[in-house]
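Structure, as structure tokens:
The values are calculated or read from the model by the stated rules, or taken from the named source; none is laboratory data. Since we're looking at a predicted model, the values are computed, not measured. As a convention, Cβ positions derive from the backbone with ideal geometry for all residues, glycine included, and neighbour counts pool all protein chains shown. Side chains are part of the model used for accessible areas, which takes the heavy atoms of the whole protein and leaves out ligands, DNA and RNA. Shrake-Rupley method; radii C 1.70, N 1.55, O 1.52, S 1.80 Å.
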Amino acid sequence: MGDMVMIWRVMVLYTIGLLVSLHESVPGTRFSRYLQLSIAAFGVKLGKVLAIFPIMYLSGGTCVMFIITGGGTMKLFYQLLCGDCPSKHPLTTTEWFLVFITMAILLSLFCTNLHSVSLVSFLGAIMAVGYCTILWIVFVAKGKVDGAVVYDSSESGHVRSIFNALGIIAVAFRGHNIVLEIQGTMPSTPNRSSSKFMLKGMVASYLIIALCFFPLATVGYWAFGNKIPINGGVLTAISTTVNYHLSTPLLGIIYMQIIISCVTAFQIYSMVFYDNLERLYTTRAKHECPKLIRMGIRIFFGGLTFLVSVAFPFLPNLALIIGGISLHLTFGYPCLMWIAIKRPPMKSAKWWLNLALGCLGTALSVLVVVGAVWNLVCRGLDANFFHPR
């Protein structure tokens, strides 16, 4: 499994390096949007068909999961601080989702573009590093949960575990759909291309992601095994497991860090949706998007994602499917776009390498989705439509 994770990381860095190199592949042009690059590679019609839905789907689905996670954590945080306070009408989970999305929309009104999100993003990154580090240190200190099983001895269980691991890694290392937008905020001159700085930044960021999530996943699985609840995950486990009762201040810090991380990450992934709608308005209206329209776009997106989070509160359990469907954005399209734009000699080493990786990425997308559906059939799904818990 460790070798598979390492190969996966290398593929992620390779394909993201292709996107960074394609950002300024045409002299005088900067492809600062994934959609622009797709159109340049595959043509207007095919480029839009291949890119618009998965980009918007991935951004929207990720934001919905932030609402569910952040709103649910707000509820846990309130119960932690005010669990013993008399209250005749405590907020429901749906109302906590509404509180979260209200905070996210209000913050988005001050974040008009990716330039203005930089400090917010930095704060979210610090919070993510903080709670990941605290959690895996706590797991090591507390030890294994009694009766936890960390393996499935059946052959089908091993296969399902491999597919699940691929899907989880795909979700954890998502971000290809916003790489070009981030690079577009960086200055670039003929003498100092943005590609070198962007590559260094991406290697550093993915290294931090790996150092945070890999120990958390490994130690968490060792500590809880099959005792991690299907709904709620690690947060519910540490809140309910007897020998993992943490002190109120420490648990409160973890909850606050997760809430802040979700609110700030929401700004980054929602910016893709805002930007596409604003560019559509600007193209049709032939003038700059006014503040009122920008506000309306943010409120519309917030309301839409809130509605989806209430209708499908079990969406985090479908994270593997979400990661699998969008996997070709990470592994398939970058390789094929590189071939279409760079036009290397046919049947050369680079041509074969990128063609093979492009086909492999598309095939992996299908396999991960099949594995995720297979896992749901075996484990079951508590589809509590319109009833967040």
Open item on the list: As an exercise: evaluate Val49 against (1) of a type in the set (Val, Ile, Thr); (2) touching a residue at least 24 places away in the same chain (Cβ under 8 Å); (3) in a helix (DSSP H, G or I); (4) more than 22 Å from Ile208 (Cβ to Cβ) and give the number of the one condition it does not meet.
Closed with: (2)
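From Thr69, Thr73, grab the single residue that is of a type outside the set (A, V, I, L, M), at pLDDT 85 or above, open to solvent by 30 Å² or more (accessible area, probe 1.4 Å) and touching a helix residue (DSSP H, G or I) at 6+ places or on another chain (Cβ under 6 Å). Step through it out loud before you land on a result.
Numbers: Thr73 fails: open to solvent by 30 Å² or more (accessible area, probe 1.4 Å).
Criteria check complete, one pass: Thr69.
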TODO: Look at Cys378 and say whether it is assigned to a helix (DSSP H, G or I), surrounded by 14 or more Cβ atoms within 10 Å (Cβ to Cβ) and either at pLDDT 80 or above or not hydroxyl-bearing (Ser, Thr, Tyr) (or both).
DONE: no
Open item on the list: Taking the criterion of being open to solvent by 40 Å² or more (accessible area, probe 1.4 Å), in contact with a Leu (Cβ under 9 Å, 6 or more places away or on another chain) and of a type in the set (Phe, Trp, Tyr), would at least one residue in the range 275-284 satisfy it?
Closed with: no
- [ ] Considering only the range 134-157, state which residues are within 17 Å of Phe214 (Cβ to Cβ), open to solvent by 20 Å² or more (accessible area, probe 1.4 Å) and either at pLDDT below 65 or touching a helix residue (DSSP H, G or I) at 6+ places or on another chain (Cβ under 7 Å) (or both).
- [x] Ile134, Trp136, Val140, Val150
Open item on the list: Report every pair of residues separated by at least 6 positions or lying on different chains whose Cβ atoms are under 7 Å apart, first residue within the range 93-107 and within 23 Å of Phe314 (Cβ to Cβ), second in a helix (DSSP H, G or I) and open to solvent by 30 Å² or more (accessible area, probe 1.4 Å).
Closed with: Thr93/Lys75; Trp96/Lys75; Phe97/Phe306; Leu98/Phe306; Ile101/Phe306
TODO: For the range 285-292, indicate whether the set of residues that are in a helix (DSSP H, G or I) and open to solvent by less than 40 Å² (accessible area, probe 1.4 Å) is non-empty.
DONE: yes
